[in-house]
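K.L.:
Before I ask anything, here is the structure I am working with.
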Amino acid sequence: MEEIVPGLVGQSEMVVHEENTAGHLGSGNVAVLATPEMIRLMEKAAVAAVDHLLPEGRRTVGVAVDVRHLAATPLGMMVRAQAELVAIQGRELTFRVQADDEVERIGEGEHRRVIIELERFTEKVEAKRDAHLSLLPGECNERMANGEWRMANSE
């Protein structure tokens, strides 16, 4: 099996349809590729670069995105994203990402992902869901108003 090392590249592509537009997603009232869709395509490219090389039971999840949307892409145009793995620090993978339509570069930046153990990750997410579902109606709003909800690492 291939090793996860800097230099790995993944790609993802799409044709811009109505459901991919800023107008449809509510991120602007125009019929061009929405920024969240461009970012999604960049994340898919990063996944394509490394996830198939991970051992069974491991995946990556996105933890940070720092990109600029440089140019608008109209309906019907092809967009291709590329992600190159540029750094590895422990479980954290840093990618240089870019997206191009059929005419020009439309976005670029950096994306970070973390390698997770799927079973442990799923257990934590399910425990969070179960804890939330166990609250009585209205208790969530009361706890938020009292400042009781905090991020796990915020203390």
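The values are calculated or read from the model by the stated rules, or taken from the named source; none is laboratory data. Keep in mind it's a predicted model, so treat the numbers as computed, not measured. All Cβ positions, glycine included, derive from the backbone under ideal geometry; neighbour counts span all protein chains shown.
K.L.:
With respect to LEU75, is the statement that it is of a type in the set (A, V, I, L, M) and touching a Ser or Thr at 6+ places or on another chain (Cβ under 9 Å) true? Steps first, please.
P.N.:
Numbers: of a type in the set (A, V, I, L, M): yes; touching a Ser or Thr at 6+ places or on another chain (Cβ under 9 Å): yes.
Answer is yes for this residue.
K.L.:
Moving on to the next point. Only one of ARG113, ARG58, ARG68 is in contact with a strand residue (DSSP E or B) (Cβ under 9 Å, 6 or more places away or on another chain), among the basic types (Lys, Arg) and farther than 20 Å from GLU3 by Cα. Can you tell me which?
P.N.:
Of ARG113, ARG58, ARG68, the one residue that is in contact with a strand residue (DSSP E or B) (Cβ under 9 Å, 6 or more places away or on another chain), among the basic types (Lys, Arg) and farther than 20 Å from GLU3 by Cα is ARG68.
K.L.:
Considering only residues that are surrounded by 12 or more Cβ atoms within 10 Å (Cβ to Cβ) and either of a type in the set (D, E, K, R) or not in a loop (DSSP other than H, G, I, E, B) (or both), which ones fall in region 1-14?
P.N.:
Matches in region 1-14: VAL9, GLY10, GLN11, SER12, GLU13, MET14.
K.L.:
Same structure, new question: Can you say whether LEU41 is modelled with pLDDT of 95 or more and closer than 30 Å to ASN29 by Cβ, as far as the supplied structure shows?
P.N.:
Yes.
K.L.:
Under the condition of being assigned to a strand (DSSP E or B) and either touching a helix residue (DSSP H, G or I) at 6+ places or on another chain (Cβ under 6 Å) or without any contact (Cβ under 8 Å) to a residue 40 or more places away in the chain (or both), which residue from region 68-81 is surrounded by the fewest Cβ atoms within 10 Å (Cβ to Cβ)? If you could, list the steps in order and put the result at the bottom.
P.N.:
Let us first name the residues in region 68-81 that are assigned to a strand (DSSP E or B), namely 68-69, 74, 78-81.
Within this subset, residues satisfying the condition of being either touching a helix residue (DSSP H, G or I) at 6+ places or on another chain (Cβ under 6 Å) or without any contact (Cβ under 8 Å) to a residue 40 or more places away in the chain (or both) are 69, 81.
Numbers: HIS69: 19, ALA81: 26.
Once the filter is applied, the top-ranked residue is HIS69.
K.L.:
Let me ask something else about it. Being surrounded by fewer than 13 Cβ atoms within 10 Å (Cβ to Cβ) and either under 16 Å from the mean Cα position of the chain (by Cα) or of a type in the set (Val, Ile, Thr) (or both), is that true of even one residue in region 20-43?
P.N.:
The answer is yes; a qualifying residue exists.
K.L.:
Please pick out the residue among GLU3, GLU43, GLU13 that is acidic (Asp, Glu) and without any contact (Cβ under 8 Å) to a residue 60 or more places away in the chain.
P.N.:
On the way: GLU43 fails: without any contact (Cβ under 8 Å) to a residue 60 or more places away in the chain; GLU13 fails: without any contact (Cβ under 8 Å) to a residue 60 or more places away in the chain.
Sole residue among the options that is acidic (Asp, Glu) and without any contact (Cβ under 8 Å) to a residue 60 or more places away in the chain: GLU3.
K.L.:
Let me ask something additional. Search region 89-107 for residues being crowded, with 17+ Cβ neighbours inside 10 Å and farther than 25 Å from ARG59 by Cβ, and hand back the single one that is farthest from the chain's Cα centre (by Cα).
P.N.:
Out of the qualifying residues, it is ASP101.
K.L.:
Moving to a separate point now. Within region 16-40, track down each residue that is part of a loop (DSSP other than H, G, I, E, B) and in contact (Cβ under 8 Å) with a residue 60 or more places away in the chain.
P.N.:
Within region 16-40, just VAL16 meets the criteria.
K.L.:
Still on this structure, please answer the following. Checking the structure you have, find out if any residue of region 42-62 is part of a strand (DSSP E or B), small (Gly, Ala, Ser) and in contact with a helix residue (DSSP H, G or I) (Cβ under 9 Å, 6 or more places away or on another chain).
P.N.:
So far as region 42-62 goes, yes, one or more of its residues are part of a strand (DSSP E or B), small (Gly, Ala, Ser) and in contact with a helix residue (DSSP H, G or I) (Cβ under 9 Å, 6 or more places away or on another chain).
K.L.:
For region 48-57, state whether one or more residues are within 18 Å of ARG105 (Cα to Cα) and in contact (Cβ under 8 Å) with a residue 24 or more places away in the chain.
P.N.:
no
K.L.:
Another question, if that's okay. So which of GLU126, GLU119 ends up being under 25 Å from ARG59 (Cα atoms), surrounded by fewer than 11 Cβ atoms within 10 Å (Cβ to Cβ), at pLDDT below 90 and not hydrophobic (A, V, I, L, M, F, W, C)?
P.N.:
Exactly one of GLU126, GLU119 is under 25 Å from ARG59 (Cα atoms), surrounded by fewer than 11 Cβ atoms within 10 Å (Cβ to Cβ), at pLDDT below 90 and not hydrophobic (A, V, I, L, M, F, W, C), namely GLU126.
K.L.:
May I pose another question? What are the pairs, 6+ residues apart or on separate chains, where a residue within region 95-116 that is touching a residue at least 12 places away in the same chain (Cβ under 8 Å) and outside any strand (DSSP E or B) has its Cβ under 7 Å from a residue that is surrounded by fewer than 19 Cβ atoms within 10 Å (Cβ to Cβ) and among the aliphatic types (A, V, I, L, M)?
P.N.:
GLU102/MET77; GLU102/MET78; GLU104/ALA71
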